[in-house]
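One structure is given below, encoded as structure tokens.
The values are calculated or read from the model by the stated rules, or taken from the named source; none is laboratory data. Computed from a predicted model, the values in this text were never measured in an experiment. Cβ coordinates were reconstructed from backbone atoms using ideal geometry, including for glycine residues, and neighbour counts include every protein chain displayed.
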Amino acid sequence: MRIACHVSNRVFHTWPAEYWYEFIEKATKAGHDIYVFSDESGVLLDVKNPHVYSLIGLTDDEERQGMEVCDVFVGPKLRYYHMADEFGLKMVGLLGATLDGCGVKSTHPCAGCLDKLENQVDCYFADELCYTEITPNDVMAAL
């Protein structure tokens, strides 16, 4: 299986790097190929694995060509989630407590900081607990 993964460092959409590394290791050991996508500066996934392909920083057309060959999408509900859905990929979204969609959803309660606190630009918990609750094993089970 070819798995498209969107690695993000955006506020409210960051799955811990150690979870990505663990997921990639488990998925490639199970025989899957990983296609890593990101359009964000500062995203670096240092994986020395012949089954991992970096599509970070490519043009929109190149990204669409890469997404088109994949079977499954894993990542937050952002731009690549919608692109993968357009191509009919199986969706394993990493969904925070307030997001709806196809995938693995956190059950951690959300404080609703952006809606309730003035001048709030980040998660009140600072480490986005809702995403740490979603484990690599949860994602593997959803594949």
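Go through the range 45-68 and report how many residues are more than 24 Å from residue 143 (Cα to Cα) and of a type outside the set (D, E, K, R). First the steps, then the outcome.
Our first condition is that a residue be more than 24 Å from residue 143 (Cα to Cα); within the range 45-68, this holds for 57-62.
Checking which are of a type outside the set (D, E, K, R) leaves us with 57-59.
Of the residues in the range 45-68, 3 are more than 24 Å from residue 143 (Cα to Cα) and of a type outside the set (D, E, K, R).
What number goes with the only condition from (1) farther than 19 Å from residue 136 by Cβ; (2) at pLDDT 95 or above; (3) buried (at least 17 other Cβ atoms within 10 Å of the Cβ); (4) not hydrophobic (A, V, I, L, M, F, W, C) that residue 33 does not pass?
(1)
Just one of (1) at pLDDT 90 or above; (2) on the phi > 0 side of the Ramachandran plot trips up residue 73, so point out which.
The one condition residue 73 does not meet is (2).
Of the conditions (1) more than 24 Å from residue 107 (Cβ to Cβ); (2) surrounded by fewer than 20 Cβ atoms within 10 Å (Cβ to Cβ); (3) touching a Lys or Arg at 6+ places or on another chain (Cβ under 8 Å), residue 54 clears all except one; give me its number.
Against the list (1) more than 24 Å from residue 107 (Cβ to Cβ); (2) surrounded by fewer than 20 Cβ atoms within 10 Å (Cβ to Cβ); (3) touching a Lys or Arg at 6+ places or on another chain (Cβ under 8 Å), residue 54 comes up short only on (3).
If residue 14 satisfies every condition in (1) without any contact (Cβ under 8 Å) to a residue 40 or more places away in the chain; (2) among the polar types (S, T, N, Q); (3) surrounded by 15 or more Cβ atoms within 10 Å (Cβ to Cβ) but one, which is the exception?
So residue 14 meets the others, but not (1).
Only one of (1) among the charged types (D, E, K, R); (2) modelled with pLDDT of 90 or more; (3) farther than 19 Å from residue 130 by Cα fails for residue 48. Which number is that?
Exception for residue 48: condition (2).
Collect the residues in the range 24-55 that are within 15 Å of the chain's Cα centre (by Cα), in contact (Cβ under 8 Å) with a residue 24 or more places away in the chain and assigned to a loop (DSSP other than H, G, I, E, B), keeping them in residue-number order.
38, 39, 40, 43, 45
Which of the residues spanning the range 1-18 are under 17 Å from residue 32 (Cβ atoms), in a loop (DSSP other than H, G, I, E, B) and either out of contact with any helix residue (DSSP H, G or I) (no Cβ under 8 Å at 6 or more places or on another chain) or modelled with pLDDT under 85 (or both)?
Of the range 1-18, the ones under 17 Å from residue 32 (Cβ atoms) are 1-7.
From what's left, in a loop (DSSP other than H, G, I, E, B): 1, 7.
Across the range 1-18, the qualifying residue is only 1.
Does residue 21 satisfy the condition of being in a helix (DSSP H, G or I), without any contact (Cβ under 8 Å) to a residue 40 or more places away in the chain and aromatic (Phe, Trp, Tyr)?
On the way: in a helix (DSSP H, G or I): yes; without any contact (Cβ under 8 Å) to a residue 40 or more places away in the chain: yes; aromatic (Phe, Trp, Tyr): yes.
Criteria met by residue 21.
Residue 6 passes all but one of (1) touching a Gly at 6+ places or on another chain (Cβ under 6 Å); (2) surrounded by fewer than 20 Cβ atoms within 10 Å (Cβ to Cβ); which number fails?
(2)
What number of residues within the range 78-107 are at pLDDT 95 or above, crowded, with 18+ Cβ neighbours inside 10 Å and on the phi > 0 side of the Ramachandran plot?
So the answer is 0.
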